[in-house]
Amino acid sequence: MEVYESTSTVNELGVGINVLPHAVRELTELGLLEDLYRIGIPTAELVYYTRHGQRIWGEPRGLAAGYRWPQLSVHRGELLGVLYRAALDRLGPERVHTGHHLVRFGQEEGGPVWGEFVDRATNTSVGRVEAGLLVACDGVHSVVRRTLYPDEGPPRWNGITMWRALTVGEPFLSGRTMMMAGHFRRRMVIYPISRRHEDQGRALINWVAELKTADDQPMPRQDWEHTARLEDVLEPFASYAFDFLNSRPSLSVR
């Protein structure tokens with residue numbers, strides 16, 4: 001197996017992600033559970049609130065709900081780091097090729113599949129590769145999907161804009177609580193994601209502000225380098241109040 005990565009450097013970027021028990025099971029089978037425990041929070045409960053901080057409903061999650069595997073809340077970048085290091089260790093670093101962005105692929109009748117790559121930093125060719133099988137993991141702007149389904153059109157969008165950020169603050173509720181507040185058109189999702197911060201008596205809190213901003217429109221082009229404006233988030237969620245989260249945290253918005 002050879003892995004071709006579009007970016008020239010693999011960086012641990014992003015915010016939070018919840019890895020549910022059925023996914024943790026697969027990672028456990030790969031021998032990665034101990035690594036995941038070192039970085040993540042075993043989510044113990046999911047609690048629903050009104051936007052005014054009134055509790056509606058709560059239920060256990062992961063091990064607390066009787067699963068054999070935990071539900072883990074982790075930093076996406078740190079999860080990527082665990083997977084990347086495991087790939088380097090098990091495949092060998094010589095089989096992981098960074099700076100290889102797929103621009104076209106094909107297959108001759110009865111022959112191997114081939115792919116052509118460029119270095120996006122210089123827009124220069126870095127070669128053509130042949131293999132028995134191509135597994136495409138090239139994201140929302142997939143060259144492979146666009147080639148196979150040229151008339152598919154843009155991705156369908158539900159009209160919801162999501163702002164994601166991390167806040168360092170005090171642990172809240174059980175310290176391992178995932179909470180949701182509001183409704184489908186305007187909702188907050190909040191949970192801690194860092195074992196390192198927990199060990200220091202703090203919490204690295206992942207939050208997502210979801211707002212229905214458009215109906216029946218094409219999805220804007222997705223760009224992971226885009227930085228949100230704080231005022232765009234504050235106005236629609238100014239009335240949201242949670243006494244147990246009120247502190248003076250430091251903030252990082254992505």
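Which residue out of 186, 145 is within 21 Å of residue 54 (Cβ to Cβ), open to solvent by 50 Å² or more (accessible area, probe 1.4 Å) and not aliphatic (A, V, I, L, M)?
186
Do the conditions hold for residue 163, that is, is it in a loop (DSSP other than H, G, I, E, B) and touching a residue at least 12 places away in the same chain (Cβ under 8 Å)?
Judged against the criteria, residue 163 is not a match.
Just wondering, is there one or more residues in region 182-193 that are part of a loop (DSSP other than H, G, I, E, B) and in contact with a Pro (Cβ under 6 Å, 6 or more places away or on another chain)?
no
Look at region 46-71 and say how many of its residues are surrounded by 15 or more Cβ atoms within 10 Å (Cβ to Cβ) and of a type in the set (Val, Ile, Thr).
1
Given the conditions (1) closer than 21 Å to residue 231 by Cβ; (2) in a strand (DSSP E or B), which single one is not true for residue 214?
So the condition that residue 214 fails would be (2).
Being small (Gly, Ala, Ser), assigned to a loop (DSSP other than H, G, I, E, B) and in contact (Cβ under 8 Å) with a residue 60 or more places away in the chain is the filter here; which residues of region 1-49 pass it?
Matches in region 1-49: 6, 8, 14, 40, 44.
Looking at region 129-142, which of its residues are surrounded by 10 or more Cβ atoms within 10 Å (Cβ to Cβ) and over 17 Å from residue 100 (Cβ atoms)?
Selection gives 140 alone.
For region 61-81, which residues satisfy the criterion of being within 14 Å of the chain's Cα centre (by Cα) and free of Cβ contacts under 8 Å to residues at least 60 places away in the same chain?
72
The values are calculated or read from the model by the stated rules, or taken from the named source; none is laboratory data. Here the structure is a predicted model, which is why all the values come from computation and not from measurement. Methodologically, a virtual Cβ is constructed for each residue, glycine included, from the backbone with ideal geometry; neighbour enumeration extends over all protein chains shown. The protein model used for the area step is the full one, side chains on, heavy atoms only, and it has no ligands, DNA or RNA in it. Shrake-Rupley method; radii C 1.70, N 1.55, O 1.52, S 1.80 Å.
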